[in-house]
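One structure below.
Each reported figure results from applying straightforward, stated rules to the coordinates on display, with no laboratory input. Just so we're clear, the structure is a prediction, and the values are computed from it rather than from any experiment. As a convention, Cβ positions derive from the backbone with ideal geometry for all residues, glycine included, and neighbour counts pool all protein chains shown.
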Amino acid sequence: MKSWLNRNSSFLLIAGLICLYILSVLLNLGFLNLRIEESRRAIISMEMLHSGNYIGPHTLGWEYYNKPPVFNWILAGFIKMAGSDSEFVLRIPSLISLLILGVCHYFISRRYLPGGIAALSAFFMVTSADLYFYTLSNGAEIDVFYSLIVYLQAISMFWFFEKKNYTLLFLSSWSLCAIGFLTKGYPSLVFQALTLIALCIHARSFKIIFKPQQFAGIGLFLILTGSYYYTYSRYSNPSVPLINLLNESLLKSAVGKESTGKMHRVLTYPLVLFRVLAPWCLLLLVLVKKQKIRLWDNSLVKFSALFILLNIGVYWITGAQKTRYIIMFIPFAMTIISYVYFQAEKQAPEKFNHYLKYAGLFFCIILIGLLALPLFSDVSWWSTLGFATLLLVFLIIFFRIQQYRIWLFITGFILVRLIYAAIGIPVKEQGEFDYEELAKGIVSKSNAQQIYYWGYPDTLNMNVVAGDTLIKWTDKSVEIIPFFIRYQMPYYFYRVTGSLVKFDTVMEAGKTYISYGPYLKNKGIEPIDSFYDNQFRNWLIVFKAKPKPE
């Protein structure tokens with residue numbers, strides 16, 4: 001009876017933590033304006049719904065070649081189901097993707113780790129600070145969903161290898177690779193190749209690569225991706241997005257121009273990893289105590305380490321410091337961290353819980369900052385005191401109860417995220433530019449229900465470029481949307497007017513346009529409104545095109 005009660009109590013506590021976690025993300029999820037990449041994804045998805053063309057992505061009425069459409073299908077589906085294209089709805093898919101990732105990670109981990117440690121690993125993952133506090137607040141971006149696909153792609157190799165089912169190993173991993181390819185392009189093929197090498201090292205045999213089932217998996221990949229691009233060919237030339245995706249990947253790789261002269265980023269990359277894995281990576285400090293930690297005895301831990309070692313170099317040597325690029329490494333890293341915690345805590349439970357007591361200083365600092373916040377920001381004293389009281393009660397419990405202190409820390413961390421959602425996000429919004437209000441003002445001043453971007457298109461050369469090496473493909477080029485477009489503007493213009501913004505290269509009399517100041521020199525336009533774009537350090541001008549003189 002006692003063990004039954006313990007199991008049910010644990011279940012209820014975990015369920016309560018999950019509910020608190022979901023609340024901490026959902027609260028004010030749609031409060032902040034969409035950022036650049038979020039608004040771009042939104043615009044593409046909304047244009048899909050308006051045109052009925054789900055095969056060839058478009059943005060501002062022009063073909064879009066930088067990303068395949070899978071994530072936009074998901075966003076379009078959520079918009080359709082919810083009947084809304086709000087910031088809240090657009091950010092929900094990333095939360096759902098992360099919850100699915102956490103559940104999958106738990107059920108896979110518990111076969112190789114004790115149940116409590118598997119649950120810890122899952123909670124470590126979903127509460128990683130950068131992911132929890134920042135990335136989910138920008139959930140209309142592609143990266144959380146893509147990381148879910150990469151995780152499933154990699155872990156399916158390990159799972160079916162352990163079961164010696166090579167047919168499902170290759171069919172599942174290559175089909176997920178196809179989904180990843182149709183989400184973000186060639187990086188999925190790199191993950192497939194390097195993870196296969198990691199699996200071979202794990203198995204101490206490279207014969208796996210040459211299994212006949214491998215060719216069945218490759219065939220499935222070609223069928224899935226080929227079916228999409230064959231359908232795409234009925235609308236446009238598929239070589240354009242395929243070459244552009246390759247160039248995009250090469251540009252950010254070690255041979256690309258974006259990596260040139262960025263050795264300092266390579267050297268400081270451990271700080272990026274710390275940011276991604278904080279605060280749980282601090283548990284690795286127990287290794288300084290020279291405790292006997294045996295990592296290679298556990299097959300999942302061993303594979304996780306090999307996955308990280310084989311794949312992280314793709315990002316490390318490029319100096320690409322965007323933390324959202326490496327979300328897929330978090331569950332594998334948390335497997336290692338939770339296993340280190342398990343072994344260290346098992347050897348000296350009282351000592352380890354005593355060390356965790358000092359982690360309560362983090363909550364003390366948050367409490368002091370929370371009480372001081374109304375002195376520096378426009379925040380209600382009542383809401384601040386309410387959350388401060390809740391945090392104080394938690395601190396008393398945290399310092400008095402020694403057992404299960406790691407779970408108490410997780411609870412406190414989720415509570416801090418809840419406070420951030422309730423108070424921090426509105427405070428953050430006070431210092432951000434409100435594009436929705438700007439759009440309302442422009443529409444009101446111009447009395448226009450349809451607004452166009454005006455400018456000169458960029459040119460996409462259809463050749464492969466790897467550093468200084470040019471692989472000639474064709475002399476033809478394709479005109480594309482220029483890079484300077486600030487996508488918040490068309491998104492919020494649509495929210496205000498219900499009309500999609502189009503990009504024009506020719507001015508037509510009577511139409512209302514928005515464009516950057518340098519493009520309008522000697523054009524003789526009369527501005528209706530203007531505002532300064534801090535990112536591109538130029539004025540955006542709103543004007544109505546005049547009739548050409550006869």
Taking R0 as 25 Å, what's the FRET efficiency between Ser383 and Phe362 from their Cβ-Cβ distance, rounded to 0.05? 0.70
Put +1 on the Cβ of each Lys and Arg and -1 on the Cβ of each Asp and Glu in the chain; which of Leu500, Ser227, Trp382 then has its Cα farthest toward the positive end of the dipole? Ser227
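Less than 11 Å Cβ to Cβ from Leu408, Lys/Arg counted +1 and Asp/Glu -1: what total charge do the surrounding residues give?
+3
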For n ≥ 4 DSSP H runs only, could you compute -39500 (n - 2.57) per run for the chain, divide by its residues and tell me the 222 nm figure to the nearest 500? -18500 deg cm²/dmol
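Please report, in cubic angstrom per residue, the volume enclosed by the convex hull of the alpha-carbon atoms of the chain.
192 Å³
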Under the rule of at least 5 residues apart or a separate chain, name every residue whose amide H is placed under 5 Å from the amide H of Thr59. Tyr64
Phi to ³J(HN,Hα) by Karplus 6.51 cos²θ - 1.76 cosθ + 1.60 over the stretch 523-534, Hz, x for Gly, Pro: 8, x, 8, 10, x, 8, 7, 7, 8, 8, 8, 5
Under the 0.36 nm per residue contour assumption, what length would be gained going from the current alpha-carbon distance of Leu168 and Arg294 to full extension? 42.3 nm
Which whole-Hz couplings ³J(HN,Hα) result when phi for each residue of the stretch 434-446 is put into the Karplus expression 6.51 cos²θ - 1.76 cosθ + 1.60, θ = phi - 60°, listed in order with x for Gly and Pro? 9, 6, 5, 5, 4, 4, 4, x, 5, 4, 5, 5, 8
Given H placed on each backbone N at 1.01 Å, which residues far from Asp504 in sequence or on other chains put an amide H within less than 5 Å of it? Tyr453, Trp454, Gly455
On C-alpha positions alone, give me the angle between the axis of helix 239-251 and the longest principal axis of the chain, in degrees, nearest 10. 60 degrees
For the stretch 435-544 the translational diffusion coefficient, Stokes-Einstein from a Kirkwood Rh over Cα pairs at 4 °C and viscosity 1.567 mPa s, in µm²/s, is roughly 84 µm²/s
If you take the beta carbon distance between Tyr519 and Glu437 as r and set R0 to 25 Å, what does 1/(1 + (r/R0)^6) give as a FRET efficiency, to the nearest 0.05? 0.50
Other-chain or far-sequence residues with amide H under 5 Å of Leu460's (modelled H): Val478, Glu479, Ile480
J(HN,Hα) series, the stretch 145-158, from Karplus relation 6.51 cos²θ - 1.76 cosθ + 1.60, nearest Hz, glycine and proline x: 4, 4, 5, 4, 5, 5, 4, 5, 4, 6, 5, 5, 4, 5
Give the Cα extents of the stretch 1-125 along the principal axes, in whole Å, largest first. 65, 30, 23
So how tilted is helix 187-203 from the main axis of the chain? Cα-based, degrees 0 to 90, rounded to 10. 20 degrees
Just subtract the alpha-carbon distance of Ser86 and Ala278 from 0.36 nm times their residue separation and send over the number in nm, one decimal. 66.0 nm
Stokes-Einstein diffusion coefficient of the stretch 303-350, Kirkwood radius over Cα pairs, 37 °C, 0.692 mPa s, in µm²/s: 269 µm²/s
Cβ-derived FRET efficiency at R0 25 Å, Leu371 paired with Glu429, nearest 0.05: 0.75
Against the 2.2 N^0.38 Å scaling, with N counting residues, where does the stretch 102-176 land? I'd like the Cα-based Rg ratio to two decimal places. 1.25
Degrees between helix 70-82 axis and first principal axis of the chain (Cα, 0 to 90, nearest 10): 90 degrees
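Roughly what % antiparallel, to the nearest 5, for the DSSP beta bridges in the chain?
The answer is about 75 percent antiparallel.
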For the stretch 31-347, would you read off the P(r) tail past 23 Å as a percentage of all alpha carbon pairs? 60 percent
Quick one: which of Lys445/Lys511; Lys440/Lys521; Lys476/Lys521; Lys440/Lys546; Lys523/Lys546 span more than 20 angstrom between C-alpha atoms? Lys440/Lys521; Lys476/Lys521; Lys440/Lys546
What nm value, rounded to one decimal, do you get for the distance between Ser227 and Phe11 when each label is placed 7 Å out toward the C-beta? 3.9 nm
For Arg111 and Gln402, extending 7 Å from Cα along the Cα-Cβ vector and measuring point to point gives, in nm, a value of 3.8 nm
